[in-house]
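Below is one structure, written out as structure tokens; the observations come after it.
Any read-out appearing in this document is the output of simple, stated calculations on the displayed coordinates, not a laboratory observation. The structure presented is a predicted model; accordingly, all values stated were derived computationally and were not measured. Counting neighbours? That spans all protein chains shown, and the Cβs are built from the backbone with ideal geometry, glycine included.
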Amino acid sequence: AVAETRATYMVDQGDMPKDDLLRLIKDLESQMKTAARAMEFEKAALLRDQITDLRKVAVE
């Protein structure tokens, strides 16, 4: 399921308005914190990586 989640959030530059992209990042940050609190550290790490990738796209 986590692999499917990662594929869902792969965004090419220009495919998503910046406001929507920033909203998605905030949502993923919330999910990451929830996963960490639940001791689901692998899921939290994957979410962290997705957030990092999306932030790179947001800056471009």
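Residues in segment 51-60 carry Karplus couplings, in order, of 4, 4, 4, 5, 5, 4, 5, 5, 7, 5 Hz; the curve used is 6.51 cos²θ - 1.76 cosθ + 1.60 with θ = phi - 60°, and Gly or Pro positions show x. Other residues whose C-beta falls under 13 angstrom from the C-beta of Ala35 contribute a net charge of -1, scoring Lys and Arg +1 and Asp and Glu -1.
Computed from backbone phi with θ = phi - 60° and the Karplus coefficients 6.51, -1.76 and 1.60, the 3J(HN,Hα) list for segment 37-42 is 4, 8, 6, 9, 5, 5 Hz; x is used for glycine and proline. Multiplying the residue separation of Lys18 and Thr34 by 0.36 nm and removing their Cα-Cα distance gives an extension gain of 3.3 nm.
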